[in-house]
Amino acid sequence: MARNISCVGVGTVNASFKPHSSLTQDDIGKAVTMTGDNEVGLGANQDELVGRLAFLDDNATPAVCTVQIDGVMELPFSGTPSINDKVVVDGAGNVATAPLMAAGQPNKGRGLVFSVGTSKLILGV
């Protein structure tokens, strides 16, 4: 009997943030970064990954969202990530391989790529 191997959801930690005004329901499941004081959004290319947008209540006053900030998550990607890569956001809701930094510079990127599919990858943070 064939079994699927998946660790998505293991160690999940969620946190609440203010959503950037550009976030919509279509962005649920995408990669987000810090865009302001206690505020998350899609950000810009090579911004640090905060996590996966899990919930958005844009009808609440003030609007609120939930972001999975830790644990194993599935995220859309751009480029060609590889197993063991660290990732950053690409500004469009995807993660991309973190750039290599010059000697003496702090490494950019977060997490560790566990698996790469056709449109999404599995990332442990």
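Which residues, taken from the range 1-42, are aliphatic (A, V, I, L, M) and modelled with pLDDT of 95 or more?
Narrowing the range 1-42 to residues aliphatic (A, V, I, L, M): 1-2, 5, 8, 10, 13, 15, 23, 28, 31-32, 34, 40, 42.
Correct list: Val13, Ala15, Leu23, Ile28, Ala31, Val32, Met34, Val40, Leu42.
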Fill in: In the range 1-39, the residues that are among the aliphatic types (A, V, I, L, M) and closer than 16 Å to Gly124 by Cβ
Ile5, Val8, Val10, Val13, Ala31
Discussion item. Condition first: under 24 Å from Ser6 (Cβ atoms) and either polar (S, T, N, Q) or at pLDDT below 90 (or both). Now tell me which residues in the range 92-108 satisfy that.
Written reply: Asn94, Thr97
Practice prompt. Tell me which of these Met101 doesn't satisfy, since it passes every other one: (1) more than 15 Å from Val125 (Cβ to Cβ); (2) in contact with a Pro (Cβ under 7 Å, 6 or more places away or on another chain).
Written response: (2)
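The values are calculated or read from the model by the stated rules, or taken from the named source; none is laboratory data. Just so you know, these numbers come straight off a predicted model, no measurement behind them. A quick note on method: Cβ atoms are made from the backbone with ideal geometry, for glycine too, and the neighbour counts reach across all protein chains shown.
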